[in-house]
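Quick notes on the structure that follows.
The values are calculated or read from the model by the stated rules, or taken from the named source; none is laboratory data. The shown structure was predicted, so the numbers you read here are calculated from the model rather than taken from an experiment. Just the protein is used for accessible areas: all its heavy atoms, side chains included, with ligands, DNA and RNA removed. Shrake-Rupley method; radii C 1.70, N 1.55, O 1.52, S 1.80 Å.
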Amino acid sequence: MSFRSIIVERKGFEFKFGYSMRSRSQSHSDAIAQDRLVVPDGLKQSCWANMPPELLRDVLMRIEASEDSWPARKHVVACAGVCRSWREIMKEIVKSPQVSGNLTFPISLKQPGPRGSLLQCYIKRNHSNKTYYLFLGLNQASTEDGKFLLSARKCRRATHTDYIISLNCEDVSRGSDTYIGKLRSNFLGTKFTVYDAHPPIYGAKVTKSRSTRLVSLKQVSPRVPAGNYPIAHVSYDLNVLGSRGPRIMHCVMDAIPASAVEPGGVAPTQTQFLHSRIDTSPSIPFFRSKSTRMDSLTSAPLTCQNEGMLVLQNKSPRWHEQLQFWCLNFNGRVTVASVKNFQLVASPKNGVSEQAQENVILQFGKVGKDVFTMDYQYPISAFEAFAICLSSFDTKIACE
């Protein structure tokens, strides 16, 4: 019996673990069970769990090496769902995106991208339900056939706007167990804070808000993430004179040191989702007034005491006399002129080399109606890149 036929036989168990291979654009919740796996008692003593470790490791290494891209890489995910021993070995074999250049498990979306090359993705916007979908590009010539990664839903409030980010393309809500974070803007759409639902680093402080208190009152499962951990701040310069030109933006990455953009630099890498509970979070006073609710947006980053945080800024475009446009070289990845288009590079304020300042870390641009490309690389993650790009969609009253 071939190993591929083994995978087919085990598909009956995949649904017990939360897997679904129904379509390429299915939610990333088809793999979220990798980090929340509960093995049925009847499977713990199966023949698959008792395979000799040396043989099992060799077989799984062959599968991982042969299925190096989606959609074939779904078999790697399926292997990790057979039983606990398979899962642990697969987690050791599968390398992070930084090394492999692949997005395999949900935690890969929180890990830094590959070094030296941009990971090509694209975003689709749905105006009717104010939802945005992030896909991994499988074909450079097409944005119609991709692997679903993340989704976000826009929620406008009286004083700010939230973008709820989820691993599920259908259930985009804070009450879902696939909720992983959010982007929040101020009233003018000039300042944004990216919040992670899971502690990105040990010792991170949670910011309580009205929404986190409501989740706590519902007494949902303690596995549901409900924290607000600021990990990045995005700001757009005010256009006081109303002059025409590209937007000027800055991003402060709270948990990434500036040295990470240099050769040999290291950025923090999550290896699992660190679930949090409101009742075990640090005690933070909750104020009912609307003005103090927004303090986290206007205050400095939580790690401002630590010098050397990575600061990104948009690359300055040049004016093309013949086209009468501001132009940037996107290497063919952007085809439609838009004020939303940008490229982010390391700011000179980081004190890094000139070569590091020229290296594009994130680029975003329009290619069609409601379709945008998003390419990113080390040291930021897909989640951080997606959140930063969402800030470009938001209405900016004082920046246009």
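A few comments on the model shown:
- Accessible surface of segment 49-94, 1.4 Å probe, proportion on carbon and sulfur as whole %: 56 percent
- Over 31 Å between alpha carbons, listed pairs Lys191/Lys369; Lys124/Lys315; Lys74/Lys130; Lys349/Lys369; Lys182/Lys369: Lys349/Lys369
- Over all distinct Cα-Cα pairs of segment 49-94, the Kirkwood formula returns a hydrodynamic radius of 10.4 Å.
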